[in-house]
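What follows is one structure encoded as structure tokens, with my remarks underneath.
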Amino acid sequence: MDYDPMVMDDEALGPMVKISQADSVRVKYELSNVDLAFANSLRRVMLAEIPTIAIDLVEIEENSSVLADEFIAHRLGLIPLNSEGVKDMLTSRECDCDGRCENCSVTLTLHAKCTGEENMHVFARDLVPTGERINQVIGTPVLSDAEGLGPLILKLRPGQEIKLECIAKKGIAKEHAKWAPSAAIGFEYDPHNKLHHLDLWYEQDPKAEWPPSEYAEWEEPPQEGEPFDYDAVPNRFYFNVESAGSLPPDAIVIEGIQVIQQKLASLIKELSAGEGGDGMNGDYNGPRSPEYATGADGFGGYTTPFGNGGNQSSWGGAGGTTPYGTTPYGAGHSGWS
């Protein structure tokens, strides 16, 4: 095999990230020098295991609208709430309170009555956080539209009234989709299909019916008569992370890496306990949430290949450095404001 110093040097650096687009809604980036299993693990974690806050309980005092109580409660649960600082909150399973407190929940109230002659629209902006919170923004409805109204909850005819109280709690999308931080995550590799992992269905001309994606320009197209490499594996993966509003897209990526760190640390802890003679189930007490941690460093006292520490990731370590070099994120903040 011919030695290619550029390829060998890149692989020696470990995982590499190249960002092509970043704004308040989505981030597009290329992740290279990793295998398919790791890239797909990151995608699945970002979809289902990053904690956010969402309305979980609704206590309706008055509802004279045409919508049923259950219908309204379901719509309220899907309204995105600001989840900044959600890591400092406790889940209901972890909290010692009787049902809810400022450490594990946020209370929002809604009271609207149509006193005019025309129908009244009730929007997410009408949800008002009340009581103590761990910070001043968590649990606030996300209003991303130009008018600052947020999603429409319901309409009231003259004389109709809605009065209710909502309890927002911390959770992950594995429990319910309302806790999903991302609306969608695009995931692609091998845009020219050199590996033939896909058999493209077509009627006449596959090139005309399957136009190349935007990432096709990032890789060299196959050459005419090029022999097929049966040992080739994908090592460049293209992500398009779109936020649902509760967390910014860059935070979704960083939190996803931290969740993987925690999972690896928990696995190392269980395996180490097994080596000590207590068995794999010696310290296991049932299902654990992603934020499970027992040590002062937030990882049960164990170090993963991607770093340790409750607030560190491979993109945001102390001083902005990682085992793979310096990152643009620095310590404790992201690259985008």
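The values are calculated or read from the model by the stated rules, or taken from the named source; none is laboratory data. Given the structure is predicted, the values throughout are model-derived calculations rather than measurements. Cβ sites come from the backbone with ideal geometry, for glycine too, and all protein chains shown count toward neighbours. Protein only, heavy atoms only, side chains kept; ligands, DNA and RNA dropped before computing areas. Shrake-Rupley method; radii C 1.70, N 1.55, O 1.52, S 1.80 Å.
Quick notes on this structure:
- Scattering from segment 52-176 was approximated by placing one identical point on each alpha carbon and applying the Debye formula without solvent; log10 I(q)/I(0) at 0.16, 0.18 1/Å stands at -0.77, -0.94.
- Stokes-Einstein diffusion coefficient of segment 87-140, Kirkwood radius over Cα pairs, 37 °C, 0.692 mPa s, in µm²/s: 247
- Heavy atoms of Glu165: accessible area, 1.4 Å probe, square angstrom to 10: 50
- With all protein chains kept in place, the per residue accessible area of segment 52-176 amounts to 54 square angstrom at a probe of 1.4 angstrom.
- Within segment 166-208: backbone nitrogen closer than 16 Å to the Lys18 label point (7 Å, Cα to C-beta): 188-192
- Per-residue SASA entry for Trp218, accessible area with 1.4 Å probe, Å² rounded to 10: 80
- Peptide ranges 189-199, 100-110 listed from the most packed, as the mean C-beta count within 10 angstrom indicates: 100-110, 189-199
- Using the Cα coordinates of segment 50-113, the gyration tensor eigenvalues translate into equivalent-ellipsoid semi-axes of 25, 14, 10 Å, sorted from longest to shortest.
- Length added when fully stretched, Glu161-Glu117, from 0.36 nm per residue minus Cα-Cα: 14.5 nm
- Backbone amide hydrogens, once placed in the peptide plane, bring Ile19 within less than 5 Å of Glu30, excluding anything fewer than 5 places away on its chain.
- Extension gain from Glu226 to Phe71, taking 0.36 nm per residue of separation minus the Cα-Cα distance: 50.0 nm
- Projected label distance in nm at Thr109 and His192, using a 7 Å step from Cα toward the beta-carbon: 6.4
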